[in-house]
1. Quickly work out the Ala142-to-His160 label distance, labels modelled 7 Å from Cα along the C-beta direction, and quote it in nm with one decimal.
2. For Lys8, Lys304, Lys13, what ranking results if the residue with the fewest other Cβ atoms within 10 Å of its Cβ goes first?
3. Fewest to most neighbouring Cβ within 10 Å: what's the order for Thr105, Thr39?
4. Residue separation times 0.36 nm, minus the C-alpha to C-alpha distance between Ile351 and Val115: what's the value?
5. Please list 3J(HN,Hα) in residue order for the range 275-282, calculated via the Karplus relation 6.51 cos²θ - 1.76 cosθ + 1.60 where θ = phi - 60°; whole Hz, with x for glycine and proline.
6. Using a basic spin-label model with each label point 7 Å from the Cα along Cα→Cβ, how many nm lie between His429 and Tyr448?
7. Express in nm, to one decimal, how much length is gained between Leu403 and Val559 on full extension, taking 0.36 nm for each residue of separation and deducting their alpha carbon distance.
8. Please list, in order along the range 529-538, the HN-Hα scalar couplings obtained from phi with the Karplus expression 6.51 cos²θ - 1.76 cosθ + 1.60 (θ = phi - 60°), rounded to whole Hz, x for Gly and Pro.
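Each value in this text was obtained by applying a stated rule to the coordinates, not by laboratory testing. Just so we're clear, the structure is a prediction, and the values are computed from it rather than from any experiment. All Cβ positions, even for glycine, are placed from backbone atoms using ideal geometry, and neighbour counts span all protein chains on display.
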Amino acid sequence: MRETEFIKRNKDKWERYEESLKRSDQDPDLLNQLYVHTTDDLSISRTFYPNRSVRVYLNGLAQRTFLQLYRGRRGEVRQFYTFWTDELPRVVHGARRYLFAALLTFVLAMLIGVVSYRIDPAFAETILGPDYVAMTEANIEAGDPMAVYKSRDRLDMSLHITLNNLLVALLTFVAGIFGGVGSVMMLVRNGVMLGVFQYFFYAQGDYGTLAVAPATEWGLRAVSWVLTAGGEGLQPVFAALLYVVSDTGVFRESLLTIWIHGALEISSIVIAGGAGLTLGSGLLFPGTYTRLQAFARSARAGVKIMLGTVPLFVLAGFLEGFVTRQTDLPESLRLVFILLCFGFIVWYYVIYPRVVVRRPAPFRAGRRPAPVTGPPEVLRIRSLGEQLTATFAVYRRGLPRILGGALLLTLAFCGLSFAFGPDPVYRYHFVAYIAGDVENVYELMTSYGRSRSLSYTALVALGFYGMLHLGLGAVLRHTDLVPTARSWEREGRLLAVSGLLALTFAFGGVTVAFVTFLTFPFLLMLGVGTYIWGLSVPVVFRKVYTNLGHSYGFLLVLVVIGLPLTFLLDSVLGGYLFEFLDWVIYTDGGTIDARNVMLQAFCYYFLFVLAFTAWVVGFALSLGSLLEIDTAGHLKEQIAAVGRRAQLRGLEREE
């Protein structure tokens, strides 16, 4: 049949079909019949007229029908429903460790705020602001501690607070892109603020016990009896709650008022922090994915967790604007409502995700199986991104040992440094400006020009020896490498390299620092190459300086990744730590300065140990990649193994 004849025969049917698709009151039976006929016509056109316009027309017509049938309103509603009942709980369960870490960080920050206020009540003005403190004290004296929640229009207050909370949560989430450090800082800031805020109300008025309203007492006992039926595990919890509502009137009123909206609001801030840690985890721990793929996956998971907090923030804003101001509500009703809010958070973010992951996941297009992880092969050619991925994979597996070893090494170095040196306040001269962390780390290693003797250079060398051992131990435990040299030869070479590293750091000055930068990758590779493969100095020298991308690219990338850690030390968290110790320990100014110098030395050396061990792991993998580029030894072994496996199966011996 010719194309013109085919079109003439079916033209009326296709026009009727188009008209029925445009109508709002469609006949399902007619639509189904026309769809079947059209798909049949499409099959004919694909067979006999594949390059003609009629095929394109019919294909578009069939697509329109398919979209109306399968992507209608019911499908969208179902997809929305599935997100909350299945997809989000699975993501939450996968990120449960980061959410728990966020909760732990927030609680510790609250305790810091409580202790800080208890030591120095003036700290409240630093955190909350003098105007807010004065206003709240005036409200307490006037007999209405929570008057601040009644000072604005309900709707205006609700919208303003919702937008502000969403902005804070978004900043907390986005800040996690810096390896999670930014999210930790935001959690600490909000946790300290909440701790100071809550203890400020506790410190007002008499601490004595007041009479409990009968409705409150009976309400508490009823809830306690219901939830502890069949067991006494929750009795202490409700005993504590009964004490809280019978405590000082100001504190009781603050708890029963603020947490009406705070139960959802504070929980959502913590969840946003966990989403930020999830976001940063893709950059730090990509696993077997490339770093970009891992970051895309972690970003998707973090965004989904953040989306899950939006209804909570909206509801919290509504409660703060319309319900929190109702301070004349019965205390038992307010307490039960707060407990129900916390109960919902625990159920949806802790209990329900466990239930969801036990049942089969619905099929979704594009789902890919989780990669199989294992020890990375050292003798393998890698790009810089793949090298970073393998380095963090090894580092993550050996992290418990590395952290323990770094702590012991730092304690030993700092203890010996201050035990046999002059007064601690004169031992180190740390700078306080931003980007001075490299100079501060260099201060720990420099011997000459700082009134330090040769014994200090020996101490620095022993520190490098311990760091090299720590990194090489992680490489040998979590890769397929086996050292080729004898043990006493390896240790002697490692000691010699440690001494050379200490000498490069021994002298100060810009020129010497530049020389150290030029020789540092070579000495690291020399330590790795002589310890594992027994390579000679000329061989390592040639590989380092003829492959500068491998030598310096990885070094600089790790420096950039490590900068947020030092930024965290120099920022508000480090300031809180030093101020907290100053408040806790009362002594003279000289002792305080000496203690701060010792604490700074400990922090800087500990971070340097973590960075140095990462360099050791990375340079071991880099050197293995360079050896494979030159010799292709591992590739030849794999090819030979393929031949042996084929012969063992009898594939090559059959005639």
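1. Placing both labels 7 Å along Cα→Cβ, they lie 1.6 nm apart.
2. Lys8, Lys13, Lys304
3. On the way: Thr105 21, Thr39 15.
Ordered from fewest to most neighbouring Cβ atoms within 10 Å, Thr105, Thr39 come out as Thr39, Thr105.
4. Working: separation 236, 0.36 × 236 = 84.96 nm, distance 3.24 nm.
Answer, rounded to one decimal: 81.7 nm.
5. Result, ordered by residue: 5, x, 5, 4, 4, x, 5, x Hz.
6. 1.8
7. Values: separation 156, 0.36 × 156 = 56.16 nm, distance 1.87 nm.
Working it through step by step, the gained length comes to 54.3 nm.
8. Once θ is set to phi - 60°, the couplings for the range 529-538 become x, 6, 6, 8, 9, x, 6, 7, 4, x Hz.
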